[in-house]
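Asks: Dropping a structure here in structure tokens format, bear with me for questions.
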Amino acid sequence: MDGIYTRRLVSYNVEADERAHAYLAIPRKLNGKAPAVVALHGTWRGRGKDRTASLFGNPENAYLDHLARRGYVVIAPDHFVSGHRIPPEGANDTTRFYKKHPEWTAVGKFTYEHSIAVDVLQSLKEVDPERIGTLGHSLGGHGAICLAAYDERVKAAVCNCGLSPFRHDRGVEGWAGDRWYVYFKHIRPGLLAGKLPSIDFHEIISLIAPRAFLDLTALNDEGMGGAAPLRQRQVVLMNVKIMDVYELEKVPQNFAFYVHGRGHSVAYESRQLMYGWMDTHLKPPAATKPRRVNTN
């Protein structure tokens, strides 16, 4: 790719009878072992990793390309119902998955698979196994949260337009719908009866501390379903509670959030914050240290 990095299509086992597919980007000129990122896509038309690799759709979502040009090794896997693995029912449809694994959740499935993507990165000679991060947009943002909370090998994470509370969400039953993409099938009876889960996403994110986490949220994000103004303002309060945990851990510098009015997007300024966050927490200090200009 422009002489800067090599992009490969790879495949690896995730169950005895299932293989995941991913694009893997490796910079061509590396000075030693590089930091690495698991880049996670949203639900857009089931094209999965193609969008992350800049082969389809809006290039603002092309994390694999952007990060590889910044010196990262990047793996961009398909979600388990996207890309190479679209089920007969259609892209992002989890019906067949729940028939195969009725006691599982889609969230558990994708979190486990994304953890295997970390295994793949750590197996590469080009990767520093101690400097691995993850980021994603929308569904990929959910994935980044859950992967970092589950897998302590992830040292830095970014969620873009993926944080949404169960509480104050008029469309909360969407987390356990009766068709298409179903996150948590087993909580549907409770949601329909007006009973919310005993935990919410800010508590899941708190499991990431003291490792680095950045949230980017739009106050006018309609892409997450429900009533955006009230729900998304609750996200701000959730982030304040997360900050309490990072202060308790004495690492407030490892947490940040950015609130904007760009809707369900990955706008320019959001991308700069995402990639800057990775640079700060996964690259050596010299990479982000300001330099004095010599005007003599």
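Read the figures in this text as sums done on the coordinates, not as results from a lab. All values reported here derive from a predicted model rather than from experimental measurement. FYI the Cβ positions are ideal-geometry reconstructions off the backbone, even for glycines, and counts take in every protein chain you see.
Asks: Could you tell me the distance between the Cα centroids of the range 104-139 and the range 144-208, to the nearest Å?
Replies: 18
Asks: Within the set of other residues whose C-beta is less than 10 Å from the C-beta of HIS264, count the net charge using Lys and Arg as +1 and Asp and Glu as -1. Don't skip to the answer; put the middle values down first.
Replies: Numbers: positive: ARG262; negative: ASP221, GLU222.
In short, -1.
Asks: Something else: Any idea which of VAL182, VAL154, VAL120 is furthest toward the positive side of the dipole for the range 108-188, if Lys and Arg beta-carbons carry +1 and Asp and Glu beta-carbons -1?
Replies: Toward the positive end, the furthest listed residue is VAL182.
Asks: Once you charge only the Cβ atoms, +1 for Lys and Arg and -1 for Asp and Glu, what is the size of the charge dipole of the range 180-265 about its Cα centre, to the nearest 20 debye?
Replies: With only Lys, Arg, Asp and Glu charged at Cβ, the dipole is about 260 debye.
Asks: Compute the relative contact order of the range 104-184 as a whole-number percentage, counting only Cα pairs closer than 8 Å that sit 6 or more residues apart in sequence. Don't skip to the answer; put the middle values down first.
Replies: Values: 97 pairs, mean separation 23.3, N = 81.
Over the range 104-184, the number comes to 29 percent.
Asks: Relative contact order, percent, of the range 1-154 when contacts are C-alpha pairs under 8 Å separated by at least 6 residues?
Replies: On the way: 298 pairs, mean separation 41.0, N = 154.
About 27 percent, as a whole number.
Asks: What number, in percent, do you get for the relative contact order of the chain if the mean sequence gap of Cα pairs under 8 Å and at least 6 apart is divided by its residue count?
Replies: Details: 581 pairs, mean separation 45.6, N = 296.
Worked out over the chain, it gives 15 percent.
Asks: While we're looking at this one, here's another question. Could you check the simple spin-label distance between ARG19 and ASP119, using points 7 Å along Cα→Cβ, in nm with one decimal?
Replies: Modelled inter-label distance: 1.5 nm.
Asks: Quick one: length gained pulling ARG292 to TYR98 fully straight, 0.36 nm per residue minus the C-alpha distance?
Replies: Values: separation 194, 0.36 × 194 = 69.84 nm, distance 5.77 nm.
That works out to 64.1 nm of additional length.
Asks: Span-like helices, the chain: DSSP H, alpha-carbon axial extent 15 Å or more, mean Kyte-Doolittle 1.0 or greater, which ones? Can you show the working numbers first?
Replies: Numbers: long enough: 106-122 (24 Å, 0.38); 139-150 (16 Å, 1.19); 228-248 (30 Å, 0.24); 268-282 (21 Å, -0.81).
The qualifying helices are 139-150.
Asks: Kindly state, to the nearest 0.05, the FRET efficiency for ASP2 paired with ARG179, given R0 = 41 Å and r defined as their beta-carbon distance. Each step should come with its number before you reach the end.
Replies: On the way: r = 42 Å, r/R0 = 1.03.
Calculated value: 0.45.
Asks: Could I ask something else about it? Grab the beta carbon distance between LEU9 and TYR268, set R0 = 22 Å, and tell me the FRET efficiency rounded to 0.05. If you can, show how the numbers build up before the last one.
Replies: Details: r = 29 Å, r/R0 = 1.31.
According to the calculation, E is roughly 0.15.
Asks: Further, regarding this structure: Name the most mobile residue of PRO27, PRO229, PRO285, meaning the one with the largest mean-square fluctuation, in a Gaussian network model of the chain with Cα contacts below 10 Å.
Replies: PRO285
Asks: Also, quick follow-up: If the only charges are +1 at each Lys and Arg Cβ and -1 at each Asp and Glu Cβ, what is the size of the charge dipole of the chain around the Cα centre, to the nearest 20 debye? Numbers along the way, then the final one.
Replies: Details: 38 positive and 31 negative charges, 140 e Å.
It comes to approximately 680 debye.
Asks: When the chain is fully extended, how far beyond the present Cα-Cα distance does LEU237 get from LYS250, taking 0.36 nm per residue of separation? If you can, show how the numbers build up before the last one.
Replies: Working: separation 13, 0.36 × 13 = 4.68 nm, distance 2.01 nm.
Contour length minus the Cα-Cα distance gives 2.7 nm.
Asks: Filter LYS100/LYS241; LYS250/LYS289; LYS100/LYS155 down to the pairs with a C-alpha to C-alpha distance above 31 Å, please.
Replies: LYS100/LYS241; LYS100/LYS155
Asks: OK, next. Work through the residues other than ASP2 whose Cβ is under 13 Å from its Cβ and net out their charges, Lys, Arg +1 and Asp, Glu -1.
Replies: Numbers: positive: ARG7, ARG28, LYS29, ARG69; negative: ASP65.
Result for the local shell: +3.
Asks: In addition: With a ≥ b ≥ c taken as the square roots of the eigenvalues of the C-alpha gyration tensor of the range 208-280, please select rounded if a/c is under 1.5 and otherwise prolate if a/b is larger than b/c or oblate if it is not? Don't skip to the end; give the middle numbers.
Replies: Working: a/c = 3.07, a/b = 1.36, b/c = 2.26.
Because a/c hits 1.5 or more and a/b fails to exceed b/c, the range 208-280 counts as oblate.
Asks: For the residues HIS137, HIS260, what sequence is obtained by ranking on other C-beta atoms within 10 Å, fewest first? Before the final figure, lay out the partial values.
Replies: On the way: HIS137 32, HIS260 17.
By the 10 Å Cβ count, ascending: HIS260, HIS137.
Asks: With +1 on the Cβ of every Lys and Arg and -1 on the Cβ of every Asp and Glu, and nothing else charged, how large is the dipole of the range 73-145 about its Cα centre, in debye rounded to the nearest 20? Write out the running numbers ahead of the final one.
Replies: Values: 7 positive and 9 negative charges, 43 e Å.
Roughly 200 debye, rounded to the nearest 20.
Asks: Turning to a different aspect of this structure: Can you tell me how the chain classifies by the Cα gyration tensor, rounded, prolate or oblate, using a/c under 1.5 as the rounded cut?
Replies: Numbers: a/c = 1.74, a/b = 1.23, b/c = 1.41.
Oblate, because a/c is 1.5 or more while a/b does not exceed b/c.
Asks: Starting from the Kirkwood radius over alpha-carbon pairs of the range 1-112, derive D by Stokes-Einstein at 4 °C in a medium of 1.567 mPa s and give it in µm² s⁻¹.
Replies: Numbers: Rh = 14.8 Å.
D = 88 µm²/s.
Asks: While we're here: Could you give me the percent of Cα pairs per 5 Å distance bin for the range 155-296, shortest bin first, beginning at zero and ending with the bin that holds the maximum distance?
Replies: Pair shares across the bins are 2, 9, 17, 17, 18, 15, 10, 5, 3, 2, 1, 1, 0, 0, 0.
Asks: Ok, one more. In the chain, with Lys and Arg counted as +1 and Asp and Glu as -1 at Cβ, which of these residues, TRP277, HIS79, GLY48, has the Cα nearest the positive end of the dipole, that is, farthest along it?
Replies: TRP277
Asks: Here's another thing I want to ask about it. Rounded, prolate or oblate: which one fits the range 1-62, using the alpha carbon gyration tensor with axes a ≥ b ≥ c (rounded when a/c is under 1.5, else prolate when a/b beats b/c, else oblate)? Don't skip to the end; give the middle numbers.
Replies: On the way: a/c = 2.21, a/b = 1.21, b/c = 1.83.
Note, shape of the range 1-62 comes out oblate.
Asks: A further question on this structure: For a label point 7 Å from the Cα of PHE56 along Cα→C-beta, name the residues of the range 5-47 whose backbone N is under 15 Å from it.
Replies: The answer is 21-23, 41-47.
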